[in-house]
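To start, the structure itself, in structure tokens.
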Amino acid sequence: MKNIHTEETGDLLQQIATELAFVETGSAASLAAIAEVLAELEKLVGSPLPPAVATEIATAAQFAEAVAAAGGVLAADAGQVLQKWYERLDKACQDWLAAPDAPAAQEPTMTVELGEDTELLNEFCNEGKDLLQDIEQGVLVLEENPTSADTLNVVFRAFHTFKGGAGFLGLEPIKNLAHELESLLDAARRGDLTIDTYITELILAGRDALQQFLSEIGKRLGGALKGEAITVPTSDLIARVKARLAGESPAPAAKSQPVAAVAQPVAAVAPPVPAAKSQPVAAVAQPVAAVAQPPAKSAPVASKTNTNKSSAGSSNERLASFVKLDTQKLDVLVDLVGELVIAQSMVLQHPQVQTLNDRNLARFMRQLHGITTDLQHNAMSLRMVEVRGAFQKMNRLVRDLSGVQGKQVQLVLSGEETEIDRNIVEELGDPLVHMVRNSVDHGIEMPEVRVAQGKPALGTVRLHAMHSGGGIVITISDDGKGLDKNRILAKAIQRGLIDADATPTEKEIFDLIFLPGFSTVDNITDISGRGVGMDVVRASISRLRGRVEVQSTLGQGSVVTIRLPLTMAIIDGMLIGIGTERFIIPSLSIRESFRPLPGVVATSQGRGEVVSVRGKLIPLVRLGDQLGIESTAKDPCDGIIVVTQSESQPRGLLVDRLIGKQEVVIKSLGSAFKGQASMSGAAILGDGLVALILDIENLGAPRAHHKNQPVPTA
Amino acid sequence: MTNQIQTDNRPKPGKYLTFMLGAEHYSLPILKVREIMRLCPITPVPRMPVYIQGVINLRGKIVPVLDLRARFRLPAFADQERVCIIVVQLESSDGGTNLMGMIVDMVEEVSQYAEAEIEPTPDFGSLVDTRYITGMTKTKGTVKTLLDLDKLLTMDGDIDLQQVYREVA
């Protein structure tokens with residue numbers, strides 16, 4: 001942007017040269033003229049002055065002082081001295097103009113990668129527009145009420161979100177700008193700063209710069225200016241924010257320093273300052289972000305209307321059109337459709353309706369059934385999103401991690417188009433990050449180690465998603481060093497996680513890494529190794545009603561497999577009866593069920609019962625006793641044993657009868673039952689009554705207290 | 001009970017729904033009441049304190065139901081003729097609202113209480129747990145107890161719910 005000054009600088013230098021000619025003829029008055037021109041030059045170059053130029057200007061000032069001290073009489077060699085001085089000044093100015101970066105003019109640029117990040121960028125822009133609106137509204141409130149904590153928080157969070165999104169997408173200039181503004185608001189939030197007009201204008205200026213960025217990104221997303229770098233001037237704004245944060249007051253000097261500021265068209269119409277001549281030039285060449293002059297109240301307001309008119313309108317059309325919807329509304333819709341399906345089956349199964357024998361009615365019923373089924377599938381699909389977004393976030397993680405660690409790692413994604421409930425995708429982010437980190441950090445070896453082992457130097461981490469058995473399976477595999485069984489076992493024994501004389505199977509050993517506090521890495525890196533990785537992963541996956549397991553071959557790599565249900569909203573359940581009560585066991589947890597023959601159930605110590613299933617002994621849990629319900633199956637042979645598979649171990653649940661298998665809409669039991677652990681939710685059955693869904697993980701888990709201890713008679 | 005808490009919780013004048021448990025009259029702010037419904041089949045939730053009767057399906061929402069008689073340790077009521085479930089709306093700690101049903105013997109009426117009619121909770125000594133009572137009124141010759149719903153339904157009261165949960169889990 002400096003080049004726009006070339007002409008003016010040249011003009012000024014020319015003026016100085018002319019005055020010098022008069023000096024040589026002995027006219028001391030010319031010195032004053034030179035001083036005037038120098039002042040203008042100083043403004044043009046802007047602050048901070050390049051040192052060389054500053055030195056020469058100072059020299060001139062000294063010279064003029066010396067002349068003044070001598071009573072305005074010029075020394076004989078004054079002409080020559082000044083001629084040399086002028087040459088130096090000329091050179092300094094030319095150097096400044098030729099230098100690639102002058103501080104005041106330096107603006108960071110960025111390019112957007114349209115390939116894999118397109119969707120993320122799109123999302124970022126869409127989200128960003130809302131955030132900008134929040135900021136603008138927030139500022140308007142703050143102008144009325146500078147101490148409103150809620151509003152400060154809203155604006156702070158908006159910038160924070162911007163920073164996060166931009167940082168993730170590698171949009172450094174946006175991130176930096178948002179970071180500074182965030183700091184500013186954070187200071188205001190803490191009460192270190194009071195919001196005044198100067199600050200609100202800084203915020204608005206920042207907001208407009210961000211909008212400019214978004215609009216530029218939007219243009220590139222729309223196919224225009226593909227690959228061109230985006231430059232939006234922010235450095236001056238950032239400098240001013242920093243200055244304000246450092247406690248400097250809004251410097252009245254700023255008023256007389258308009259050249260350094262990045263002008264924008266509307267503000268330039270009425271520049272209240274002497275250097276007005278140069279301003280329109282700057283404005284035309286640089287019709288970009290509105291970095292307005294602090295005390296000029298009209299400028300930001302003008303810029304607001306300006307940006308609203310131009311950039312917001314244009315970028316809107318180019319982004320893919322999405323309707324942003326409150327997820328709660330979506331959940332309510334899905335719930336209601338679930339209700340509709342239940343209500344329909346209540347009508348259809350009503351005994352009196354069943355006795356009706358009308359061909360038309362039967363046809364209408366089928367039609368109704370068809371519509372509700374379609375409606376249900378559609379409502380469900382509203383919540384389904386591709387796992388692509390969650391997967392693509394890993395790209396950057398791998399890139400950064402491998403860079404930091406000096407490893408060569410490629411991430412191969414497949415099956416990103418697999419769809420899954422958006423609630424699950426959101427929850428999936430953290431576990432994925434943990435596991436991909438683990439793969440890169442612990443799995444993939446350094447390039448030289450890999451080559452020495454005959455592997456390609458480039459390590460591969462694969463992320464794969466696919467549908468399988470009514471659920472989704474995500475695998476994270478790497479071709480790294482794999483898990484060392486012996487080391488895991490040794491570590492587990494050392495940490496007291498298992499007994500020293502235990503002889504676990506391979507699978508059980510690998511399962512140990514999911515225990516809290518387990519980590520085989522002796523030196524903790526900032527990436528992983530604190531032992532809070534895999535247990536968190538397992539906990540998150542369990543919350544999603546999924547399962548996670550690890551397979552590994554030493555020296556060849558590891559595979560982590562995550563199995564998840566397609567949706568959190570509906571489960572396939574087995575309805576079972578105990579006494580007069582009904583419960584639902586998620587089908588995903590059921591391995592098999594059978595009516596026991598006499599002799600398969602054995603007791604130990606008179607209480608602990610085990611059942612032999614295909615030669616394996618598994619503990620038997622009498623569900624009736626567990627839940628405090630009178631069971632009709634006193635003898636196990638009168639009931640049914642449902643073998644469940646949970647994280648820990650298989651268990652046989654003794655129930656009175658199996659009623660049927662059905663899909664149910666899961667409903668939360670609400671906060672009133674937050675503390676209890678044996679139910680994971682409830683569902684409304686076809687008859688309109690509620691049945692509770694058993695939480696197989698926690699049911700019959702070892703109790704903290706000894707069994708002999710009486711349960712309080714609450 | 002300190003005076004501090006009583007002044008903070010001082011019931012506001014306004015409309016109250018009154019209902020009966022045995023011979024006793026109780027009132028709760030009408031704004032908290034979502035609906036009143038006939039007693040319907042309740043699905044028991046195992047291993048809960050006795051006063052938690054279970055859950056019902058309220059047009060697709062799962063709503064826990066609490067037996068107010070059991071909550072106040074009154075004897076069970078035999079005549080189910082006029083028994084109702086009052087569904088109330090509570091602010092939950094996370095900012096949302098929760099519904100909760102309360103089984104009462106019968107619903108009486110909606111009455112308006114002026115500020116002067118509301119008296120602070122008398123000191124029952126240790127006889128009565130006054131933590132979820134905000135005050136009392138005496139209108140038309142009957143004494144009514146004003147209940148603090150949020151405390152009544154969320155506070156563990158005399159039983160440590162968390163402890164119970166731990167025991168039965």
(request) Would you mind stating whether A:L685 is more than 14 Å from A:V665 (Cβ to Cβ), at pLDDT 60 or above and either facing chain B (nearest Cβ under 7 Å) or surrounded by 13 or more Cβ atoms within 10 Å (Cβ to Cβ) (or both)? (result) no
(message) Just to confirm my filter: which helices (runs of 4 or more DSSP H) fall fully inside the stretch A:163-246 and include at least 3 residues that are closer than 24 Å to A:G389 by Cβ and out of contact with any His (no Cβ under 8 Å at 6 or more places or on another chain)?
(response) A:172-190, A:197-221
(request) Would you be able to say whether some residue in the stretch A:579-591 is in contact with a Pro (Cβ under 6 Å, 6 or more places away or on another chain), surrounded by 19 or more Cβ atoms within 10 Å (Cβ to Cβ) and of a type outside the set (S, T, Y)? (result) no
(request) Determine which member of the set A:L49, A:L44, A:L82, A:L31 is modelled with pLDDT under 75, more than 30 Å from A:A239 (Cα to Cα) and out of contact with any Phe, Trp or Tyr (no Cβ under 6 Å at 6 or more places or on another chain). (result) A:L31
(request) Scan the stretch B:52-71 for residues that are more than 9 Å from chain A (Cβ to nearest Cβ) and more than 16 Å from A:I684 (Cβ to Cβ) and report the count. (result) 6
(request) Filter the stretch A:688-714 for residues that are facing chain B (nearest Cβ under 8 Å), in a loop (DSSP other than H, G, I, E, B) and modelled with pLDDT of 80 or more and give the result. (result) A:L689
(message) Can you tell me how many residues within the stretch A:614-645 are among the small types (G, A, S) and either within 14 Å of chain B (Cβ to nearest Cβ) or surrounded by fewer than 18 Cβ atoms within 10 Å (Cβ to Cβ) (or both)?
(response) 4
(request) Residue by residue through the stretch A:342-361, note down the ones that are assigned to a helix (DSSP H, G or I) and surrounded by fewer than 10 Cβ atoms within 10 Å (Cβ to Cβ). (result) A:P351, A:Q352, A:Q354, A:T355, A:R359, A:N360
(message) Cβ-Cβ distance below 7 Å, separation of 6 or more or different chains: which pairs start in the stretch A:374-402 with a residue that is of a type in the set (G, A, S) and end on one that is not in a helix (DSSP H, G or I)?
(response) A:S402/A:Q408; A:S402/A:V409
(message) Could you check the stretch B:26-43 and list, in sequence order, the residues that are among the β-branched types (V, I, T), within 14 Å of chain A (Cβ to nearest Cβ) and closer than 27 Å to B:T139 by Cα?
(response) none
(message) Among the residues of the stretch A:469-491, what is the count of those that are surrounded by fewer than 13 Cβ atoms within 10 Å (Cβ to Cβ) and part of a strand (DSSP E or B)?
(response) 0
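The values are calculated or read from the model by the stated rules, or taken from the named source; none is laboratory data. Since the structure is predicted, the reported quantities are computational estimates derived from the model, not experimental observations. Virtual Cβ from ideal backbone geometry, glycine too; neighbours counted across all protein chains shown.
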